[in-house]
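Trainee: A single structure is presented below for examination.
Only the coordinates and a few stated rules stand behind these numbers; no lab work does. Quantities reported herein were computed from a predicted structural model and do not represent experimental measurements. FYI the Cβ positions are ideal-geometry reconstructions off the backbone, even for glycines, and counts take in every protein chain you see.
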């Protein structure tokens, strides 16, 4: 067999060998083997084409000879050359088809990633379609110190009007281990520019939907997120719980919206010459960011599971502007300075079940009134029917008329707005965060005046002494036009905090947490990263919240009772965090709180609630 025929047969045999990969091989291994064989085929084909060109050149160099003679001189028959050309063209065509098949397979082949930063991810070859699974678990230990006080001081009054004593067994709070958060998040990307996220938390013994939204980000300067998401107001609220410096957020986060349902337009702009980096609807990392949305609206510190429905048509408007004015300017010390301003405006209508506010130790420190009834004057009249021989009995009818006024639970009714300036500064291992919030709303109650008429009939027998039959009937009549909304009162609550943190091991301190330079590995002398922090935070409740609508001897608190709710709270704390790696953190912090009001003595006078001293521990794993 001549040389060209051998080359053709080898090329043809290689083509038929390509799809014969073992079924035990994975798809990626098959693709790799196919690419290798294609490369070998290309090399052999190039060699074959070179040999063919040599033969053609040799034939062309003998113009006087006949084709048959030329071929004979070259040692090749003319039919063999034609057959060889056909086979080479066939191999070339099959090679083109095979290359197209390989490229198409690459475009549809999904890859699986398990990265500590992004979690578990399935991604298309192009990266335009992704699906990820991530989450975190936080197991806490909360221990109250020096919290057992005498029964001379209580918190609020019980049903009999006596102070509720601070329990000798549990004090101001129960020492406990608990699963603070157990968050599971799934999300992804479709067609490169359509993101979605669904987040459910199973901590604290309940299942709650925290996030469920889609974000369309075709244009960096104008993206649209729709669904249940973080409100664009609080700065510390924008932080993922895994990156908190303290176990619990400061008071500001309690008087600004948490999760909201609605639509938000947001955009990011880079410093001139730099492209903005997209990181989701709560991205504050670029040179300039804006967020503006319309939502159902929520009450301060409303639980996330209670924002899924709404009972009024009016909507809430919320927005934030945030900038890094020195980003990429070459001033390294100020590159991590971020400044922002946020606010909201809404007009809720008779929204009851107002949420309580909590201390850092998660004890209730402000609870709104749940309603009361005041009894007015009572008038009784009696009429007696004389004994008659026909009936042998005496009938006495007593009619008692009582007026009363009932007040509903405290309501948020009218204008509501928030003002929230905020900022942070990170430089190397140093970090500072500060924010202030004003929460202003109209409080009111609904009043219902009614008259209760009780008719009692006593029938006494004159034939059988000491025999009496009594019947009673009671009816209540509500005054016309009731209930009515009364006692509209403007409430202005304020909170602020300043937090400082420092990474002892020298890593960069950022708004999004700390990434150790070396993961914890005691066998190699690596210990991860250590961060310390300190914080001062205060909460001030408007004094009109505790307005007395009764008298000094018989007080009536329609919004909140100062004997059970504090007027001011001041908390300072220190913390330490050990980042074993970017996914594992162990925390410990101590926080001490001073209260004004919020307790009652045996004389039923308002006194300061005892100090709250709490030691927190947290073991956290995220992926």
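Trainee: Describe numerically, in nm with one decimal, the distance between label points set 7 Å from Cα along Cα→Cβ at residue 100 and at residue 310.
Mentor: Those two pseudo-labels are separated by 5.4 nm.
Trainee: Okay, next question. Taking one equal scatterer on every alpha-carbon of segment 464-565, how large is log10 of I(q)/I(0) by Debye at q = 0.12 1/Å?
Mentor: With one equal scatterer per Cα and no solvent, log10 I(q)/I(0) is -0.76.
Trainee: Determine, from the Cβ-Cβ distance of residue 109 and residue 586 and an R0 of 35 Å, the FRET efficiency 1/(1 + (r/R0)^6), rounded to the nearest 0.05.
Mentor: 0.30
Trainee: Would you order 604, 585 from fewest to most other beta-carbon atoms within 10 Å of each residue's own beta-carbon?
Mentor: Going from least to most buried by this count: 604, 585.
Trainee: Between residue 89 and residue 478, how many nm apart are label points set 7 Å from Cα along the C-beta direction?
Mentor: 9.5
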